[in-house]
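One structure below.
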Number of protein chains: 2
Amino acid sequence: MSKLRVSAFTLSIDGYGAGPDQDLENPLGVGGMGLHAWMTGTRTFAAMHGGEGGTTGVDDDFTARGITNVGAWILGRNMFGPIRGPWPDEAWRGWWGPNPPYHVPVFVLTHHARPPITMDGGTTFHFVTDGIHAALGRATEAAGAKDVRLGGGVATIRQYLSAGLIDEMHIAVSPVILGSRCSEHVPTSQATHVVLTRA
Amino acid sequence: MSKLRVSAFTLSIDGYGAGPDQDLENPLGVGGMGLHAWMTGTRTFAAMHGGEGGTTGVDDDFTARGITNVGAWILGRNMFGPIRGPWPDEAWRGWWGPNPPYHVPVFVLTHHARPPITMDGGTTFHFVTDGIHAALGRATEAAGAKDVRLGGGVATIRQYLSAGLIDEMHIAVSPVILGSRCSEHVPTSQATHVVLTRA
């Protein structure tokens with residue numbers, strides 16, 4: 001049965017899903033890219049972006065699981081772009097260029113209506129203004145037998161969690177502190193040890 | 001130079017430092033003991049409690065570091081016992097029996113004065129009613145050249161963090177969720193992967 005999944009959602013040790021001060025230069029906020037180092041070095045990530053090489057193993061496996069059997073996505077509006085409030089025009093078409101890495105319908109939660117945008121490679125952005133349940137209904141229908149992946153950000157995931165709608169979450173905790181200093185990060189099968197020292 | 005350290009402070013994946021409903025049967029709250037499985041299985045922990053055997057390796061190393069070079073402790077009052085409000089009498093002498101595992105002076109933060117208690121093995125409990133700075137001053141003096149270890153709990157650590165007084169923190173994130181279900185926990189050098197599913 002189709003599930004609502006969060007996959008490869010990455011948090012810093014101090015619990016942030018992105019850095020501060022998102023803008024055009026920093027789609028994930030300042031320092032936010034460092035969160036995703038576990039993923040951006042993998043073979044699957046390289047292949048998704050037309051490259052070659054990259055690591056294999058656990059991190060690659062989780063990256064691959066995240067894009068397997070996904071029939072639709074749901075994104076909060078800030079994941080689609082840095083514009084807040086009403087759309088000034090229709091120029092903004094997402095962070096990802098003409099061929100975004102989704103390749104399926106993507107439902108963007110927003111308070112401001114806008115016609116769908118058909119991109120190259122199978123991605124269509126739909127703008128949903130009537131709430132999280134409506135977005136999930138439309139995404140589930142679009143996904144067919146496949147799963148719906150909830151991309152984030154944090155506020156969007158919280159809304160779906162509060163409503164009890166998420167079936168599975170994969171969270172990756174990165175050895176990154178956004179605003180302090182992590183001097184040691186030693187995972188064992190029993191615990192993840194983290195030593196924080198004054199910057 | 002003497003430091004104020006937090007060592008081996010264990011959090012669940014969802015950020016709890018203890019379970020709910022602390023009482024005489026559950027000094028760490030319900031489910032709280034599971035947080036510390038990484039430590040209670042080690043050789044150092046066994047030796048601290050007069051036992052033998054136990055694991056060696058990273059978890060044991062962090063356990064040993066936690067008790068090395070500690071000249072005094074600071075504890076929040078709830079770590080000393082389950083009694084809230086004024087002391088009804090002087091019967092309560094801590095969770096640990098006649099010979100507590102500290103073996104140095106321990107400064108307990110409380111709003112309710114009480115004479116010091118000298119235990120076996122070098123532990124003396126001092127009750128500090130004039131705040132976190134006063135407790136740190138007394139503990140630092142008692143520790144001499146050694147460090148002061150801040151044992152917790154969460155509220156006490158937050159107070160010292162807010163005041164900018166902590167020099168180093170070692171946090172161990174355990175693959176435990178207090179109130180949900182963690183179906184996978186796979187640490188790599190790059191991230192700690194956690195999969196949460198509906199209970």
Quick calc, the protein assembly as shown, dipole around Cα centre from Cβ unit charges on Lys, Arg (+) and Asp, Glu (-), nearest 20 debye, gives 380
Shortest first and in nm, the label-point separations between residue B:137 and its counterparts in the other identical copies (7 Å out along Cα→Cβ) come to 6.5
Subtracting the Cα-Cα distance of residue A:184 and residue A:167 from 0.36 nm times their residue separation yields 2.8 nm
Chain A -> Rg/Rh from Cα coords, Kirkwood Rh, value 0.97
About its Cα centre, segment B:59-119 carries a charge dipole, from +1 on Lys and Arg Cβ atoms and -1 on Asp and Glu Cβ atoms, whose size in debye to the nearest 20 is 280
Whole-Hz Karplus couplings 3J(HN,Hα) for segment A:10-19, θ = phi - 60° and coefficients 6.51, -1.76, 1.60, Gly and Pro as x, run 9, 10, 6, 4, 8, x, 8, x, 6, x
Here FRET efficiency (C-beta to C-beta, residue B:47 to residue B:96, R₀ 22 Å, nearest 0.05) is 0.85
Rounded to whole angstroms and listed largest first, the alpha-carbon spread of segment B:40-91 along its three principal axes comes to 44, 21, 15
With the charge dipole of chain A built from beta-carbon charges (+1 for Lys and Arg, -1 for Asp and Glu) about the Cα centre, the Cα from A:113, A:129, A:162 projecting farthest to the positive end belongs to A:162
Most exposed to least, judged by fewest other Cβ atoms within 10 Å, A:93, A:138 sort to A:93, A:138
Taking A:189, B:12 and counting other beta carbon atoms within 10 angstrom, the fewest-first order is A:189, B:12
Computed from every Cα-Cα pair in segment A:1-43, P(r) in 5 Å bins starting at 0 and rounded to whole percents is 6, 21, 22, 21, 14, 10, 4, 1
At q = 0.20, 0.24 1/Å the base-10 log of I(q)/I(0) from the Debye formula over the alpha-carbon atoms of segment A:63-154 is -0.96, -1.38
Going from the fewest other Cβ atoms within 10 Å to the most, one would list B:162, A:183, A:174 as B:162, A:183, A:174
Expected vector for segment A:105-115, Karplus 3J(HN,Hα) from phi with 6.51, -1.76, 1.60 and θ = phi - 60°, integer Hz, x for Gly and Pro, equals x, 10, 9, 9, 6, 7, 8, 10, 4, 6, x
Sorted shortest first, the nm distances from the residue B:98 label point (7 Å along Cα→Cβ) to its counterparts in the other copies are 8.4
Computed D for the protein assembly as shown, Stokes-Einstein, Kirkwood radius over alpha-carbon pairs, 37 °C, 0.692 mPa s, to the nearest µm² per second, is 139
Bounding extents of segment A:95-199 in its principal axis frame from Cα atoms, largest first in Å, are 49, 33, 27
If you rotate chain B onto chain A, the residue of B with its Cβ nearest that axis, and the gap in whole angstrom, comes out as B:187, 1
The local net charge around residue B:93, scoring Lys/Arg +1 and Asp/Glu -1 for residues other than residue B:93 whose Cβ lies under 13 Å from its Cβ, equals -2
As straight-line cross-link partners of residue A:146, the qualifying lysines (C-alpha separation under 21 Å, not fewer than 8 residues apart within one chain) are A:3
Semi-axes (Å, rounded, descending) of the ellipsoid equivalent to segment B:1-105 per its C-alpha gyration tensor are 24, 18, 15
Counting other chain Cβ atoms within 10 Å of each Cβ in A:166-174 and taking the mean gives 6
Computed about the Cα centre, the charge dipole of segment A:122-199 from +1 Lys/Arg and -1 Asp/Glu charges at the Cβ has a magnitude in debye, to the nearest 20, of 300
Sorted shortest first, the nm distances from the residue A:189 label point (7 Å along Cα→Cβ) to its counterparts in the other copies are 2.0
Quick calc, residue B:155 & residue B:37: beta-carbon distance into FRET formula, R0 30 Å, rounding 0.05, result 0.80
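No value in this document is a laboratory result; all are computed from the given coordinates. All of these numbers come straight from a predicted model, not from anything done at the bench. Virtual Cβ from ideal backbone geometry, glycine too; neighbours counted across all protein chains shown.
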